[in-house]
Amino acid sequence: MNEIKQITEEIFDEVVLLRRTIHQNPELEFCEAETAALICAQLDKLQIPYKKGIAKTGVVGLIQAEKATKTLLLRADMDALPLQEETGLPYASKKDGVAHACGHDAHVAILLGTAMVLSRLRQRLAANIKLVFQPAEETTGGALPMIEAGILENPHVDAAASGHVMTNVPAGKVLIKDNEVMAAPDDFDMIVHGRGGHGAYPHTCVDPIAVCMQILSAWNTLSARFTTPLEKHLISVNMFQAGTCYNVIPDDAYIKGTVRMYNNEVRKTLPEAMEKIAVQIAAAFGATCEFTYNFRYPPLINDKSMADAFRQSAKEILGEEQVIEGVDPSMAGDDFAYFAQAVPSVFVNYGAANAAIGADRPLHSSDFIIDEACLKNGVLAMSKFALDFGR
């Protein structure tokens with residue numbers, strides 16, 4: 001354990017520099033070529049064999065252990081967000097409209113730091129370690145295409161682990177939760193077709209804005225009454241576009257939103273109820289409706305035995321007081337869920353909050369920053385867990 005701490009101290013400045021380099025050069029989904037090149041260069045330095053170009057830009061390295069019978073997959077996501085950074089950091093994004101406002105730069109740095117530790121302690125490994133650097137977590141998802149490309153085989157993966165920096169968890173802490181961790185992040189599009197006209201004569205028109213308001217009100221009732229009040233789900237409308245002028249009723253109105261839930265049975269039936277309500281309300285007012293529901297990632301569920309194992313490793317390396325228990329599941333989503341569906345998995349949160357330096361803004365904010373102490377704790381916890389796995 002002291003070796004892990006010593007190596008992590010020695011490499012910490014390099015890990016921070018890697019994170020800042022990635023932060024300055026953010027790339028959107030499936031375009032992470034520079035990030036992948038940086039990763040490959042680091043794996044070359046560590047003499048870790050790898051395959052690149054998986055699911056376009058993904059990279060998979062393999063640290064083989066002598067006489068290993070199991071393989072543990074460790075995953076980091078690489079992509080940034082289409083967002084203008086407003087942090088004022090000296091290493092802020094150099095690219096207009098693209099920023100690492102979700103911490104994926106930190107995730108890559110933590111996994112590379114873990115690779116540095118494990119490459120120097122590979123003689124102590126009881127399992128092979130697959131290092132997966134994944135594209136496109138933020139949008140269409142790169143996890144499933146990588147799985148479909150065969151990364152869970154050769155050698156066969158027995159378990160998986162990943163983590164995410166969080167600015168609602170104090171820096172220095174690691175949060176671990178059993179069972180439900182993140183929701184299925186589905187989304188939907190709707191167009192209501194009415195009949196436009198003069199705003200002074202609404203009775204001669206079919207107002208799509210008024211129709212949409214009735215639909216949204218009914219959806220709110222649906223969300224409150226369709227399932228037990230104990231069910232964790234939500235319908236969130238986040239885009240409503242209609243009209244071009246103050247005295248013209250438009251022909252059409254456009255709505256986009258997201259639906260979050262954990263219950264797969266509700267996930268099958270709720271979209272049908274949403275569409276039925278929308279179509280029938282539109283028809284009652286003389287309008288028509290086009291409703292499209294998009295199933296995205298499944299809910300992310302931690303395997304309890306894996307969570308317990310990570311919890312124990314983290315307590316041993318960081319101290320018991322640094323490991324906190326997650327209570328409430330998040331309504332955010334993450335496509336690590338596909339790995340968790342395939343093999344026993346654990347997904348943890350690295351505490352990155354420090355209000356004194358402004359590291360308390362939520363994910364996806366233009367002024368999102370982290371306390372870089374989370375990089376050290378991430379490397380320590382993930383390295384210890386990897387070295388303990390398979391024993």
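The values are calculated or read from the model by the stated rules, or taken from the named source; none is laboratory data. Since this is a predicted model, take the numbers as computed values, not measurements. Cβ sites come from the backbone with ideal geometry, for glycine too, and all protein chains shown count toward neighbours. Accessible surface areas use protein heavy atoms only, side chains included; no ligands, DNA or RNA. Shrake-Rupley method; radii C 1.70, N 1.55, O 1.52, S 1.80 Å.
In terms of Cα to Cα distance under 21 Å, which lysines are near enough to Lys276, apart from those fewer than 8 places away along the same chain?
Excluding near neighbours in sequence, the set is Lys256, Lys268.
In the full protein assembly as shown, how much of Thr87 is accessible to a 1.4 Å probe, in Å² to the nearest 10?
Thr87 exposes around 40 Å² with every protein chain in place.
Cα axis of helix 373-388 to longest principal axis of the chain: angle in degrees, 0 to 90, nearest 10?
Its long axis makes an angle of about 60 degrees.
Name the aspartates and glutamates eligible as straight-distance cross-link partners of Lys130: C-alpha to C-alpha under 12 Å, and not fewer than 8 places from it in the same chain.
Within the straight-line limit of under 12 Å, Lys130 reaches these aspartates and glutamates: Glu153, Asp158.
Tell me what the chain gives for mean residue ellipticity at 222 nm when only DSSP H runs of n ≥ 4 count, each as -39,500 (n - 2.57), the sum divided by the residue total, rounded to 500 deg cm²/dmol.
Per the formula, -11500 deg cm²/dmol.
Among the DSSP beta bridges whose two residues both lie in the chain, what percent are antiparallel, rounded to the nearest 5? Numbers along the way, then the final one.
On the way: 45 of 68 bridges.
Roughly 65 percent of the beta bridges in the chain run antiparallel, per DSSP.
Please sort 347-356, 115-124 by packing, taking for each peptide the average over its residues of neighbouring beta carbons within 10 angstrom, highest first.
347-356, 115-124
In nm, to one decimal, how far is the Leu89 label point from the Gln64 one, both placed 7 Å along Cα→Cβ?
Distance between label points: 3.8 nm.
Cut-off under 19 Å on the C-alpha distance; same-chain residues fewer than 8 positions from Lys304 excluded. Which lysines are left, in chain and number order?
Reachable lysines: Lys70, Lys177, Lys315, Lys384.
In µm²/s, what is D for the range 286-391 at 37 °C and 0.692 mPa s, where D = kT/(6 pi eta Rh) by Stokes-Einstein and Rh is the Kirkwood radius from Cα pairs?
Stokes-Einstein gives a translational diffusion coefficient of 200 µm²/s.
Kindly report, to the nearest 10 Å², the accessible surface of Met1 as traced by a 1.4 Å probe over protein heavy atoms only.
Accessible area of Met1: about 80 Å².
Using Cα atoms only, what is the angle between the long axis of helix 264-284 and the major principal axis of the chain, expressed in degrees (0 to 90) to the nearest 10?
Compared with the principal axis, the helix lies near 20 degrees.
Any chance you could give the angle, 0 to 90 degrees and rounded to 10, that helix 304-318 forms with the longest Cα principal axis of the chain?
Relative to the chain, helix 304-318 is tipped by roughly 50 degrees.
Taking R0 as 30 Å, what's the FRET efficiency between Ala224 and Tyr254 from their Cβ-Cβ distance, rounded to 0.05? Could the numbers behind the result be given before it?
Details: r = 25 Å, r/R0 = 0.83.
After rounding to 0.05, the efficiency reads 0.75.
Counting only heavy atoms of the protein chains, get the accessible area per residue of the chain (1.4 Å probe) and round it to a whole Å² value.
On a per-residue basis, the chain sits at 43 Å².
Find, among the GluC sites (Glu not before Pro) in the range 126-196, those assigned to loop by DSSP (not H, G, I, E, B) with at most 14 other beta-carbon atoms within 10 angstrom. Spell out each step's value before the answer.
On the way: sites: Glu137, Glu138, Glu148, Glu153, Glu180; in loops: Glu137, Glu138, Glu153.
Hits after loop and neighbour filter: Glu153.
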